[in-house]
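Take a look at the structure set out below.
The values are calculated or read from the model by the stated rules, or taken from the named source; none is laboratory data. In this text, all values refer to a predicted model and were calculated from it rather than measured experimentally. Ideal geometry is used to build each Cβ from the backbone, glycine not excepted, and the neighbour counts take in all protein chains shown.
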Amino acid sequence: MAMPKPIRLLAAATMTLFLFLVIQIMRSPSNVKVPGLAGSKMEDMTRDPNLDETGEPPEPLRRVVGHNYDADNPNSDRINATLLSLVRNKELGQLVQSMQDLERTWNHKFNYPWTFINDEPFSEEFMRVTKANTAAACNYLLIPKEHWAIPSWINQDLMQESANILEEQDVQYAHMQSYHQMCRWNSGLFYKHPELLDTQYYWRVEPKVHFFCDVDYDVFRYMQDHNKTYGFTVNLYDSPQSIATLWPETIKFLAANNHLLAENNAMKWLTDKDRRPDHNHKANGYSTCHFWSNFEIADMNFWRSPAYEAYFEHLDRAGGFFYERWGDAPVHSIALGLFEDKSKIHWFKDIGYQHIPFFNCPNSAKCKGCIKGRFSDGESWLNKEDCRPNWFKYVGNEWAETDSVGGLAGAVAADSAT
Ligand SMILES: Nc1nc2c(ncn2[C@@H]2O[C@H](COP(=O)(O)OP(=O)(O)O)[C@@H](O)[C@H]2O)c(=O)[nH]1
Ligand SMILES: [Mg+2]
């Protein structure tokens, strides 16, 4: 029996729509484009720059010469900096593993002091074992109670209710109060510890991380000599559910403090909505791109600046460290992206690093134990959490000039020759 014409038309339209959808799904991801060849920028990553042979960043670089970095040299070339680890006594074994990696690849040469910090006193065992794993000086600090405590203006009932909602949205650590306290402390309090007030640079080290590559220059001197504020290894998307109102609060802050915006800021990296529109949508205008802050090499003077102080104060009063689960990573990253000149943010590409489940693993004979270019050793969907393509697109790849040909540097050269 012949179908009536309207039904035939409907069937044809449905078939066309179905075919269109199948083609869309089977197409390679739409965000893989030809790399932009303007200067050192990349429109998107078609190839991980960690596959290109990587050496050291540009000179000047300070190296070990004779005894200039000996642990007991009172006139050493070390500058005002420390390796800094917030850690619990029960994490001693995992911390020692991180220490051993960092001592082997870098600190046995430069002997920067370690600072361990805790909300409870360190055990005798903790102090004995950590000291035994370095020739450098070790300091053990207790966090002042008022820095760690949940602030008086936080409503505990609301906090519990909010944690229930976050948990329903699969936000990790929703009900773990200490995790919220840790994120707030790492955001706006660590550099206010009375015994750190005179320290300028720090390298944050967490338990259970790995370092893979020999680094033969003083990274703190690199920061100082090259006028860098912040160094990262891994650049990621965040879980939008954990920070739903962080960007709206940031916009409110900016409305009254627009003058604090750096001229050469990284706003576009923070607000991109092309690559993961859903993330931007759920985070109310924030791409969720951030530097993964379990690794940071940075200048505390940025956190001590009036701009950051005012921003942290605003966020702290808004309560999102407890009513949501704002992490120190997005908070630090938004502040850097807005208030700092983006040329002062450095990708430590040459520092091979892992914090489960992500890596920064360069292609270099100095690296052992990681697979060059590997971004994650978890499920393959984790690869889409990489936010470096946005960083390269809006800020650039500072290594493009120095990395060996074959990768981006080669592509740029080839393009300008035509
Ligand atoms: N002293 C102390 N350190 C903590 C506490 N919670 C987390 N940390 C430290 O904060 C850092 C981040 O915590 P971690 O459990 O690694 O969180 P994740 O990496 O986000 O899963 C690590 O250095 C932990 O040792 C806490 O309650 N007390
Ligand atoms: Mg960790």
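Inspect all residues belonging to segment 154-169 and state whether any of them is touching a residue at least 24 places away in the same chain (Cβ under 8 Å), within 13 Å of ligand 1 (Cβ to nearest atom) and either in contact with a strand residue (DSSP E or B) (Cβ under 6 Å, 6 or more places away or on another chain) or under 30 Å from residue 244 (Cβ atoms) (or both). No, because not a single residue in segment 154-169 is touching a residue at least 24 places away in the same chain (Cβ under 8 Å), within 13 Å of ligand 1 (Cβ to nearest atom) and either in contact with a strand residue (DSSP E or B) (Cβ under 6 Å, 6 or more places away or on another chain) or under 30 Å from residue 244 (Cβ atoms) (or both).
Determine whether residue 272 is touching a residue at least 60 places away in the same chain (Cβ under 8 Å), under 27 Å from residue 221 (Cβ atoms) and away from ligand 2 (no atom under 16 Å from the Cβ). Answer is no for this residue. If the condition is being part of a helix (DSSP H, G or I) and under 17 Å from the mean Cα position of the chain (by Cα), then segment 269-301 contributes 269, 270, 271, 300. The criterion of at least 1 residues that are within 29 Å of residue 159 (Cα to Cα) and of a type in the set (S, T, N, Q) is met, among helices (runs of 4 or more DSSP H) falling completely within segment 302-409, by 328-339. Taking segment 90-137 as the region of interest, how many residues are more than 26 Å from residue 78 (Cα to Cα), polar (S, T, N, Q) and either at pLDDT below 95 or within 16 Å of ligand 2 (Cβ to nearest atom) (or both)? Residues meeting the conditions: 1. Taking the options 224, 241, name whichever one is modelled with pLDDT of 95 or more, more than 16 Å from ligand 1 (Cβ to nearest atom), farther than 22 Å from residue 310 by Cα and out of contact with any strand residue (DSSP E or B) (no Cβ under 7 Å at 6 or more places or on another chain). Every option except 224 fails the conditions.
Of everything in segment 68-95, what is within 16 Å of ligand 1 (Cβ to nearest atom) and small (Gly, Ala, Ser)? Give them in sequence order. Answer for segment 68-95, where residues must be within 16 Å of ligand 1 (Cβ to nearest atom) and small (Gly, Ala, Ser): 85, 93. Scanning segment 195-244 for residues that are among the basic types (Lys, Arg), away from ligand 2 (no atom under 16 Å from the Cβ) and part of a loop (DSSP other than H, G, I, E, B) gives a single hit, 228. Among the residues in segment 245-266, are any within 16 Å of ligand 2 (Cβ to nearest atom) and either assigned to a loop (DSSP other than H, G, I, E, B) or charged (D, E, K, R) (or both)? No, that holds for no residue. Just one of the listed residues (352, 373) is at pLDDT 95 or above and within 15 Å of the chain's Cα centre (by Cα), and it is 352.
In segment 144-178, which residue that is within 25 Å of the chain's Cα centre (by Cα), under 20 Å from residue 87 (Cα atoms) and in a helix (DSSP H, G or I) is farthest from ligand 2 (Cβ to nearest atom)? Here the residue is 147. Counting residues in segment 298-305 that are modelled with pLDDT of 95 or more, out of contact with any helix residue (DSSP H, G or I) (no Cβ under 6 Å at 6 or more places or on another chain) and within 16 Å of ligand 1 (Cβ to nearest atom) gives one or more.
For segment 183-211, the set of residues classified as within 10 Å of ligand 1 (Cβ to nearest atom) and surrounded by fewer than 19 Cβ atoms within 10 Å (Cβ to Cβ) consists of 204, 206, 208, listed by residue number.
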